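**Q** Structure below; questions to follow.
The values are calculated or read from the model by the stated rules, or taken from the named source; none is laboratory data. Every value quoted in this text rests on a predicted model; they were computed, and no experiment measured them. All Cβ positions, even for glycine, are placed from backbone atoms using ideal geometry, and neighbour counts span all protein chains on display. Just so you know, the surface numbers come from the protein's heavy atoms only, side chains and all, with ligands and any DNA or RNA stripped out. Shrake-Rupley method; radii C 1.70, N 1.55, O 1.52, S 1.80 Å.
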Amino acid sequence: NVFYFDAPKAYGLNFAGLAGVTRDKMIGFQTTGLFNYAMENVYGLRATLGLNLARKNVYGAEIGGVGLREKICGLDVEFLGAAQREMCGLQVSLIANVTDGKSYGCSISGGTNLTRTMNGLQLAFIFNGTEELNGAQIGLVNFTDYCASGFQIGLINVIMSNQVKVLPFVNGYF
């Protein structure tokens, strides 16, 4: 399709110059210039220069400008950032990764990583924040309310549940 596709279901390859909508599940490869939208689960790879939007879950990989979905399991590379309720896998962005629930795996950002529960690694140039840390945070400033197991490396490291709440360079619970 030159400019736009609107598919009830998508299996295989889907290409559009501007935008694409899949009304049921998408299985395969979908790429557009500006906008990918899936109303159901996505299984496979989606790529766009703009927005990857899914009302449900993504299993596979997404590459784009901004990614929004319920859950992603796999690889997520977004130029600006991503937001979801749950993440498992590897997530990379220039500005921010935001997870409203649990993260499993690795979140890498040039700016900020935020999640409720981190199980794995948060790596950010500026700020990492989580309510519960099970793993590691590496960044200029790292913050967690509670560290069940793990450590922080950065200029300022805060674990609110520790006796010594703020430490430079390294902080943790071992």
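**Q** Here is a list: LEU49, LEU34, LEU45, LEU13. Which entry is surrounded by fewer than 19 Cβ atoms within 10 Å (Cβ to Cβ), over 16 Å from the mean Cα position of the chain (by Cα) and closer than 15 Å to ASP76 by Cα?
**A** Criteria check complete, one pass: LEU49.
**Q** Right, here's the next one. Just checking, how many residues over the range 136-156 are under 22 Å from ILE95 (Cβ atoms), open to solvent by less than 20 Å² (accessible area, probe 1.4 Å) and not β-branched (Val, Ile, Thr)?
**A** Residues meeting the conditions: 6.
**Q** Can you tell which of GLY44, GLY60 is at pLDDT 95 or above, assigned to a strand (DSSP E or B) and under 13 Å from TYR11 (Cβ atoms)?
**A** The conditions single out GLY44.
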